[in-house]
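See below for the structure under consideration.
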Amino acid sequence: MEATTFIPLGMGAAVIGAGLGIGKLAAAAAESIARQPEAASEITGAVNLPLFLLEGVAIIALALTFAMLFFT
């Protein structure tokens, strides 16, 4: 087996990990807003940056996975 066989598997694991991280982050934000509704705008603002970074990691990993599958 070639080493390039495992690259898409690793990137797929990165996508799954990012998805789990996004889910956990969203659940924690929803619980925080439920506990303190008056701080909803501050909680949402604090959650946006990590959420966008995690989503970017997932998109890059997916794009590289497809590139590896098509161009190797």
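Which members of region 22-72 meet the condition of being in contact (Cβ under 8 Å) with a residue 60 or more places away in the chain and of a type in the set (Val, Ile, Thr)? Don't jump to the end; show me each part of the working.
Taking region 22-72 first, the residues in contact (Cβ under 8 Å) with a residue 60 or more places away in the chain are 68-69, 72.
Across region 22-72, the qualifying residue is only THR72.
Give me the residue from region 18-49 that is surrounded by 13 or more Cβ atoms within 10 Å (Cβ to Cβ) and closer than 26 Å to ILE7 by Cβ and, out of that set, nearest to the chain's Cα centre (by Cα).
Among those residues, the one meeting the criterion is ALA18.
Being under 20 Å from LEU25 (Cα atoms) and either of a type outside the set (A, V, I, L, M) or surrounded by 15 or more Cβ atoms within 10 Å (Cβ to Cβ) (or both) is the filter here; which residues of region 54-72 pass it? Full working, then the answer.
As a first pass, look at region 54-72 and keep what is under 20 Å from LEU25 (Cα atoms): 54-61.
LEU54, GLU55, GLY56, VAL57, ALA58, ALA61, listed by residue number.
Out of ALA46, ALA13, ALA18, report the one residue that is more than 27 Å from MET68 (Cβ to Cβ), of a type in the set (Gly, Ala, Ser) and in a helix (DSSP H, G or I). Break it down into steps so the answer makes sense when it comes.
Values: ALA13 fails: more than 27 Å from MET68 (Cβ to Cβ); ALA18 fails: more than 27 Å from MET68 (Cβ to Cβ).
Checking each option against the conditions leaves just ALA46.
Could you please let me know if LEU9 is loosely packed, with under 12 Cβ neighbours inside 10 Å and either at pLDDT below 90 or touching a strand residue (DSSP E or B) at 6+ places or on another chain (Cβ under 8 Å) (or both)? If you could, list the steps in order and put the result at the bottom.
Numbers: loosely packed, with under 12 Cβ neighbours inside 10 Å: yes; either at pLDDT below 90 or touching a strand residue (DSSP E or B) at 6+ places or on another chain (Cβ under 8 Å) (or both): yes.
Judged against the criteria, LEU9 is a match.
The values are calculated or read from the model by the stated rules, or taken from the named source; none is laboratory data. The structure presented is a predicted model; accordingly, all values stated were derived computationally and were not measured. Every residue, glycine as well, gets a Cβ built from its backbone with ideal geometry; the counts of neighbours run over all protein chains shown.
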